[in-house]
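Undergrad: Got a structure for you, written out below as structure tokens; questions coming shortly.
The numbers here are math on the coordinates, done by the rules we state, and not lab data. For clarity, every value in this text was computed on a predicted model and none was experimentally measured. Every residue, glycine among them, receives a Cβ derived from its backbone with ideal geometry; neighbour counts consider all protein chains shown.
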């Protein structure tokens, strides 16, 4: 396969780094994220790369449609501040100082940014995230998720075959599966009485949620549950799927040849003791350039 465009879910990897690195480091989440980034660069030699950030982790349009969306997380964070939050902004500044495309959009989550970028990238697209919601974006043969098992040294390649293997559903049906099953961690109740097994069985038989709702041969019990859940499904269809047309500022996704802001980067490195991981990232970029692994990008990538 040709070198992919890497679309990295910043929050997902930053939280993983936070829990895997020793807290003796002042910015241990950022330190770990940069180490992960260096490893991803060397292992996958991407042709382009973007780091997607949450400019709004609980967007108003989703809450307006479904007030329960991430409501329990909001209540928890009111009581206990997210320990990763103080490092999040510093990490963004370091990445921008290095020259990477760090992309967010007011009123949208990183999932929406990734979905929009994926729609406009040509060639292979590898989405790096520990968020299973992004399995809904998998499209063979060119779009897949690299799902961390251990840091980023062991990544599961989630393509349509892997979705089918894991869940027993058509490879492009994960979004419909998520709608039916729900996700308590996001405040999404799902259709009452339709759990993961029933959702998978229905999708395996009918192929899509639209086909299930149109079917005339459902068992009476399943038909009653779906009829009772139609209002929820209509609302959830505006909440669950990542948005694919987020208005994003034009930004080249090319790998940086040099820091975009050397002085700011040097100050951040000194302030947060990030010399080692920043140097690993810069060495990884240098090795990719030396190997000539960066072909010219199409105009719309």
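Undergrad: With the Cα gyration tensor of the range 52-165 in hand, convert its eigenvalues to equivalent ellipsoid semi-axes via √(5λ) and list them largest first in whole Å.
TA: Result for the range 52-165: semi-axes of 25, 19, 16 Å.
Undergrad: Compute the distance in nm between two label points, each set 7 Å from the Cα along the Cα-to-Cβ direction, one at residue 72 and one at residue 149.
TA: In this crude label model, residue 72 to residue 149 measures out at 2.9 nm.
Undergrad: Moving on to the next point. Calculated FRET efficiency, residue 219 and residue 250, Cβ-Cβ r, R0 35 Å, to nearest 0.05?
TA: Using R0 = 35 Å, I get an efficiency of 0.10.
Undergrad: Moving on to the next point. Nearest 10 degrees, 0 to 90: what angle lies between the long axis of helix 275-290 and the longest principal axis of the chain (Cα atoms)?
TA: Rounded to the nearest ten degrees, it is 90.
Undergrad: Can I ask one more? Against the longest principal axis of the chain, how steep is helix 262-272, in degrees 0 to 90 to the nearest 10, with axes from Cα atoms?
TA: 80 degrees
Undergrad: Kirkwood hydrodynamic radius, computed over distinct alpha-carbon pairs, for the range 1-98: how many Å, to one decimal?
TA: Kirkwood hydrodynamic radius for the range 1-98: 15.2 Å.
Undergrad: While we're on this one: Measuring from the lowest to the highest alpha carbon on each principal axis, how far does the range 170-236 reach, largest first, in angstroms?
TA: Between the extreme Cα coordinates on each principal axis of the range 170-236 lie 32, 27, 19 Å.
Undergrad: Using only Cα atoms, find the angle between the long axis of helix 85-98 and the longest principal axis of the chain, and express it within 0 to 90 degrees, rounded to the nearest 10.
TA: Helix 85-98 sits at roughly 60 degrees to that axis.
Undergrad: Which value in nm describes the separation of the simple spin-label points at residue 25 and residue 57, placed 7 Å from the Cα toward the beta carbon?
TA: So the label points at residue 25 and residue 57 sit 2.0 nm apart.
Undergrad: Next up: Want the number for residue 267 to residue 156: 0.36 nm per residue separation, take away the alpha-carbon distance, what's left?
TA: Result: 36.3 nm gained on full extension.
Undergrad: Quote to one decimal, in nm, the extra length available between residue 228 and residue 166 on full extension: 0.36 nm per residue of separation minus the C-alpha distance between them.
TA: Value of the extension gain: 19.5 nm.
Undergrad: Same structure, new question: Under a GNM of the chain (C-alpha, springs under 10 Å), which listed residue has the highest mean-square fluctuation: 245, 273, 217?
TA: Comparing 245, 273, 217 in the GNM, the peak value goes to 217.
Undergrad: I want to check the label-to-label distance for residue 140 and residue 276. Put each point 7 Å from Cα in the C-beta direction and report it in nm to one decimal.
TA: With each label placed 7 Å out from Cα toward Cβ, I get 4.3 nm.
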